[in-house]
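The structure appears below as structure tokens.
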Amino acid sequence: MPTIVDVTVTTAGTTHSVTVVPDPIRIPTGVHGPIQWQITNPPSEGWKFQRQGIDIVNPGSEFDHPTGGGTRVFTWNNNHTKPGQFKYAVRVANDAARAEIDPTIMND
């Protein structure tokens, strides 16, 4: 079963901000498998993940098989072979704007 992360885009005037819940993503020792980010905004708003919609900094062999650019759901597989903290970027766009945030994954 995947670890689910909700991604929400908030608009105030011409400014767009992204929030993710949970942040940080905490993965307990011994748990591995997919992490799945889902855009919670209504589909009518047009938000989708960019080509590198979830971009993990230095994933090494801990994370592999990213899929979902251009869709409302993005997935990485977490091999979770060791504890560590991993920064990542969430990048979304619609026809008129782009937005991003840099949260954290914690493999305990």
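Since every read-out is calculated from the coordinates, none of them should be taken as a lab result. The shown structure was predicted, so the numbers you read here are calculated from the model rather than taken from an experiment. Virtual Cβ from ideal backbone geometry, glycine too; neighbours counted across all protein chains shown.
If you go through the range 5-20 one residue at a time, do you hit one that is free of Cβ contacts under 8 Å to residues at least 60 places away in the same chain, crowded, with 17+ Cβ neighbours inside 10 Å and assigned to a strand (DSSP E or B)? Within the range 5-20, one or more residues are free of Cβ contacts under 8 Å to residues at least 60 places away in the same chain, crowded, with 17+ Cβ neighbours inside 10 Å and assigned to a strand (DSSP E or B). Checking each residue in the range 81-102 for being farther than 23 Å from Thr11 by Cβ and out of contact with any strand residue (DSSP E or B) (no Cβ under 8 Å at 6 or more places or on another chain) picks out only Thr81.
One residue alone among Lys87, Lys82 is assigned to a loop (DSSP other than H, G, I, E, B), among the basic types (Lys, Arg) and either in contact (Cβ under 8 Å) with a residue 60 or more places away in the chain or under 19 Å from Arg26 (Cβ atoms) (or both), and that residue is Lys82. Restricting attention to the range 21-64, the residues being outside any loop (DSSP other than H, G, I, E, B), under 12 Å from the mean Cα position of the chain (by Cα) and in contact (Cβ under 8 Å) with a residue 24 or more places away in the chain number 15. Counting the residues of the range 65-77 that are under 14 Å from Val7 (Cβ atoms) and part of a strand (DSSP E or B) gives 4. Only one entry in Gly68, Gly30, Gly60 is surrounded by 15 or more Cβ atoms within 10 Å (Cβ to Cβ) and either touching a Phe, Trp or Tyr at 6+ places or on another chain (Cβ under 6 Å) or on the phi > 0 side of the Ramachandran plot (or both), namely Gly68.
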